[in-house]
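The values are calculated or read from the model by the stated rules, or taken from the named source; none is laboratory data. Treat the numbers as computed from the prediction; the structure is a model and nothing was measured. Every residue, glycine among them, receives a Cβ derived from its backbone with ideal geometry; neighbour counts consider all protein chains shown. These accessible areas exclude ligands, DNA and RNA; they are computed on the full protein's heavy atoms, side chains included. Shrake-Rupley method; radii C 1.70, N 1.55, O 1.52, S 1.80 Å.
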Amino acid sequence: MFDVLEANNQNKISFSWYLDNNTFDLRQTIAFDSSLYFNNLIIPGSKKYAPFTYLGNMGSPIINDHFFDRTEPNNDFIFSYGYNAYQQPVLERKQFNVKRPHTLLEYSTGGKKKSAEQNLHVIHTQNVNKYFNVGLQYDYYSTKGIYENQLTRNNDFTLFSSYFKDRISAQGTFAYTYIRNNENGGLEDDRFIQDTIMEPDLIPFNLSDASNEFRKRSFAGFVGYDLIVKAIDNDSIPASKRKKSILNAKLIIDANRFSKVYKDAESDSSYYQHFYINTSSTFDSIYLLTYQTTLLVELSQISKFPGIPGLRAWVSNISGSYYYLKPEVFISSNDNERISTNLFGIGAYSKSPYLSYSAAARFYINGYRAADKELFGQMTISPWKSLDMPYVSGEISITDKEPSIFMKEYFSNHYKWDNNFDKESRFRISAKFGADKVKFEAGYNLLHIVNYTYFDTLSLPAQEQNVTVTSAYIQKRFSLGWFNMVGRLIWQASTSEAINLPVLSGFGSIFVQFPVVKNALTVQLGVSGFYRTKFYAYAYNPALGVYYNQKEKEIGNYPFVEAFLNAKWKRTNLFVKVDHLNMGYPDNQYYTALHYPYNPRMLKFGLSWMFYD
């Protein structure tokens with residue numbers, strides 16, 4: 001464990017870190033990004049510089065087209081995976097230690113008043129004293145909708161705090177997410193976009209009275225105590241702080257409650273094939289509650305000599321309950337189903353300027369995840385002791401996991417299943433070569449999956465026995481005077497139709513950056529765009545809130561281009577952009593998912609302002 005008050009952090013205005021849930025490392029990260037770099041990219045996840053599938057408007061569910069940019073879920077609530085991009089992490093929440101209060105305010109809007117898109121991001125953090133920090137963050141994504149029944153309201157609030165003093169360390173986060181989105185079910189006929197010119201609010205869609213409501217309440221954090229410490233010889237640190245933790249114990253808590261309600265009154269709709277409960281309306285309610293408690297003991301790395309490890313060991317209990325309407329409720333009570341499992345884990349880590357690595361292994365002993373296994377490892381080699389110079393890093397993971405409980409059993413008004421699935425096994429390796437000084441990065445990923453679990457073309461869970469996914473990418477920023485060019489190109493391949501991916505995809509931008517007022521006002525002016533080759537992009541199921549496979553139509557080979565002007569005036573960043581600049585060129589096939597078109601050309605603008613007091 002690092003000390004947030006150690007000498008090399010004392011001169012920083014702000015310092016930030018997060019807890020890695022895989023290995024339980026505390027990892028340093030950038031506290032605030034106040035740079036001018038692509039402030040015009042406002043959709044969550046778009047700064048990964050790879051295209052994604054979503055429903056065409058802000059606030060709708062997102063899934064990355066680059067398979068290896070998709071974070072593997074750490075919970076069973078499959079119905080909310082598409083909204084992960086709009087939520088802040090809880091156990092892995094970024095924490096701060098700041099010399100003076102920091103407040104970041106970001107706002108953007110676009111479109112006409114009756115269909116406006118609005119986004120708000122506020123974060124405030126300050127230290128009560130040099131050991132104790134508190135903060136809060138609020139994120140709001142909303143659009144009234146250009147097309148019919150497209151309203152979205154995404155709210156995410158987190159309250160966080162940390163305390164590091166002497167032998168005691170603690171941090172915690174409370175989070176509340178509330179998302180309410182209308183569902184239109186996609187176009188009745190794609191020809192209304194492709195072959196005609198109509199006002200967007202006149203184009204017919206499949207559903208007119210349907211909505212999803214998602215809530216998440218979470219608390220996570222840890223309390224740690226240094227059982228054994230030793231004195232260190234460092235005159236740059238106050239005498240009272242010249243101690244290093246040798247043996248540390250932590251209690252880690254992670255509690256989450258998920259719920260989702262789907263409602264519609266589509267009595268005359270042919271959109272759904274089945275009505276198992278009511279033919280005139282739908283009210284599907286689902287919830288999942290989980291508590292995870294972990295007791296961890298950590299033996300610190302004795303020396304920073306390359307390769308000398310620190311060790312960790314822990315035991316965990318996961319318990320909770322879940323609910324969905326079951327057929328037997330009509331003849332008896334419908335009690336919540338209980339779940340429980342226990343596991344133990346071991347880990348090793350080492351940090352040095354030349355070589356850093358971290359590894360963890362988890363073995364599930366009993367309960368609903370009995371015999372599951374998770375092994376994870378990562379390593380970075382930096383011969384020049386800095387990531388600015390050439391470095392190599394790699395990751396490996398081996399997992400054998402029970403599919404989500406909701407993939408195995410579920411019942412609702414429109415869908416039901418009862419599956420006896422095998423464990424899903426994954427073997428993944430990733431490698432990356434980069435040099436931050438020249439803004440270059442290249443990587444390779446390989447994943448083999450046995451019993452891959454997914455939603456088939458009928459929106460029903462299925463398993464594919466063997467799937468291999470491979471990707472490679474290259475990313476570079478080129479600068480010459482005022483002229484700048486940024487590009488990321490991704491190649492992907494899959495051995496099974498259970499995973500459909502674009503063969504080529506990427507992001508590109510050309511812009512000029514120049515000072516208007518020296519040391520005060522800097523401006524960027526340029527164009528940027530996302531592109532993907534044609535493939536069977538996902539379809540979306542409103543009743544389940546999930547993306548599923550389709551073989552009806554290939555989507556892609558259409559660039560989404562925007563022209564932008566970014567400006568930085570002291571501590572304020574502004575942008576103005578024309579989104580979907582190329583609307584109608586090279587054709588009108590501007591779909592982001594099956595039967596879901598991208599929004600028409602739109603003027604958007606926004607600002608971000610950092611306060612230090």
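In the set Ser356, Ser352, which member is outside any loop (DSSP other than H, G, I, E, B) and either surrounded by 14 or more Cβ atoms within 10 Å (Cβ to Cβ) or modelled with pLDDT of 90 or more (or both)?
Answer to the check: Ser356.
Cβ-Cβ distance below 9 Å, separation of 6 or more or different chains: which pairs start in the stretch 588-613 with a residue that is within 30 Å of Arg191 (Cβ to Cβ) and end on one that is open to solvent by 40 Å² or more (accessible area, probe 1.4 Å) and among the hydroxyl-bearing types (Ser, Thr, Tyr)?
Pairs found: Leu594/Tyr536.
Does at least one position in the stretch 408-423 carry a residue that is closer than 22 Å to Phe77 by Cα and small (Gly, Ala, Ser)?
Yes, the stretch 408-423 has at least one match.
Yes or no: Asn466 part of a strand (DSSP E or B) and closer than 30 Å to Asp388 by Cα?
Working: part of a strand (DSSP E or B): yes; closer than 30 Å to Asp388 by Cα: no.
Spelling it out, it is not the case that Asn466 is part of a strand (DSSP E or B) and closer than 30 Å to Asp388 by Cα.
Considering only residues of the stretch 165-192 that are open to solvent by less than 10 Å² (accessible area, probe 1.4 Å) and β-branched (Val, Ile, Thr), which is nearest to Arg153 (Cα to Cα)?
Per the stated criteria, the residue is Ile179.
Six or more apart or on different chains, Cβ under 8 Å: which pairs go from a residue in the stretch 73-101 that's touching a residue at least 24 places away in the same chain (Cβ under 8 Å) and crowded, with 19+ Cβ neighbours inside 10 Å to one that's in a helix (DSSP H, G or I) and of a type in the set (A, V, I, L, M, F, W, C)? Could you list them?
These pairs meet every condition: Asp76/Ile405; Asp76/Phe406; Phe77/Phe406; Ile78/Phe406; Ile78/Met407; Phe79/Phe406.
Look through Leu55, Leu36 and report the one residue that is open to solvent by less than 30 Å² (accessible area, probe 1.4 Å), within 19 Å of the chain's Cα centre (by Cα) and farther than 30 Å from Val128 by Cβ.
Values: Leu36 fails: within 19 Å of the chain's Cα centre (by Cα).
Criteria check complete, one pass: Leu55.
Of the residues in the stretch 548-569, how many are in a strand (DSSP E or B) and under 18 Å from Tyr598 (Cα atoms)?
Number satisfying all stated conditions: 5.
Can you pull out every residue in the stretch 359-379 that is open to solvent by 30 Å² or more (accessible area, probe 1.4 Å) and part of a strand (DSSP E or B)?
If the condition is that a residue be open to solvent by 30 Å² or more (accessible area, probe 1.4 Å) and part of a strand (DSSP E or B), then Ala359, Phe363, Ile365, Asn366, Gly367, Lys373, Glu374, Leu375, Phe376, Gln378, Met379 are the ones that fit.
Return yes or no: is Tyr291 of a type in the set (Phe, Trp, Tyr), more than 30 Å from Asn149 (Cβ to Cβ), in contact with a strand residue (DSSP E or B) (Cβ under 7 Å, 6 or more places away or on another chain) and part of a strand (DSSP E or B)?
When the stated conditions are applied, Tyr291 passes them.
Before we move on, is Gln137 of a type outside the set (Val, Ile, Thr), out of contact with any Pro (no Cβ under 8 Å at 6 or more places or on another chain) and either crowded, with 22+ Cβ neighbours inside 10 Å or under 15 Å from Ile42 (Cβ atoms) (or both)?
Taking the combined requirement at face value, the residue does not satisfy it.
Going through the stretch 360-398 one residue at a time, which ones are within 26 Å of Gly307 (Cβ to Cβ) and among the polar types (S, T, N, Q)?
Step one: of the stretch 360-398, the residues within 26 Å of Gly307 (Cβ to Cβ) are 360-363, 373-398.
Gln378, Thr380, Ser382, Ser386, Ser393, Ser397 - these are the residues of the stretch 360-398 that are within 26 Å of Gly307 (Cβ to Cβ) and among the polar types (S, T, N, Q).
Tell me the residue from Tyr452, Tyr444 that is closer than 21 Å to Pro51 by Cβ, within 23 Å of the chain's Cα centre (by Cα), hydroxyl-bearing (Ser, Thr, Tyr) and assigned to a strand (DSSP E or B), please.
Every option except Tyr444 fails the conditions.
Which of the residues that make up the stretch 438-492 are within 16 Å of His66 (Cα to Cα), open to solvent by less than 80 Å² (accessible area, probe 1.4 Å) and aromatic (Phe, Trp, Tyr)?
If the condition is that a residue be within 16 Å of His66 (Cα to Cα), open to solvent by less than 80 Å² (accessible area, probe 1.4 Å) and aromatic (Phe, Trp, Tyr), then Tyr473 is the only one that fits.
If Tyr107 meets every condition in (1) modelled with pLDDT of 95 or more; (2) open to solvent by less than 20 Å² (accessible area, probe 1.4 Å); (3) farther than 22 Å from Ser430 by Cβ apart from one, which number is that one?
Condition (2) is where Tyr107 drops out.
Any residue in the stretch 506-520 that is out of contact with any Leu (no Cβ under 7 Å at 6 or more places or on another chain), closer than 19 Å to Gln550 by Cα and either open to solvent by less than 40 Å² (accessible area, probe 1.4 Å) or of a type outside the set (Asp, Glu) (or both)?
Within the stretch 506-520 (the criterion being out of contact with any Leu (no Cβ under 7 Å at 6 or more places or on another chain), closer than 19 Å to Gln550 by Cα and either open to solvent by less than 40 Å² (accessible area, probe 1.4 Å) or of a type outside the set (Asp, Glu) (or both)), the answer is no, since none of the residues qualifies.
I need the full set of residues from the stretch 242-261 which are among the basic types (Lys, Arg) and within 16 Å of Phe222 (Cβ to Cβ), in order please.
Going residue by residue through the stretch 242-261, those that are among the basic types (Lys, Arg) are 242-244, 250, 257, 260.
Lys250, the sole residue that qualifies.
Could you say whether any residue in the stretch 240-250 is under 16 Å from Glu148 (Cα atoms) and in contact (Cβ under 8 Å) with a residue 24 or more places away in the chain?
No, the stretch 240-250 contains no residue that is under 16 Å from Glu148 (Cα atoms) and in contact (Cβ under 8 Å) with a residue 24 or more places away in the chain.
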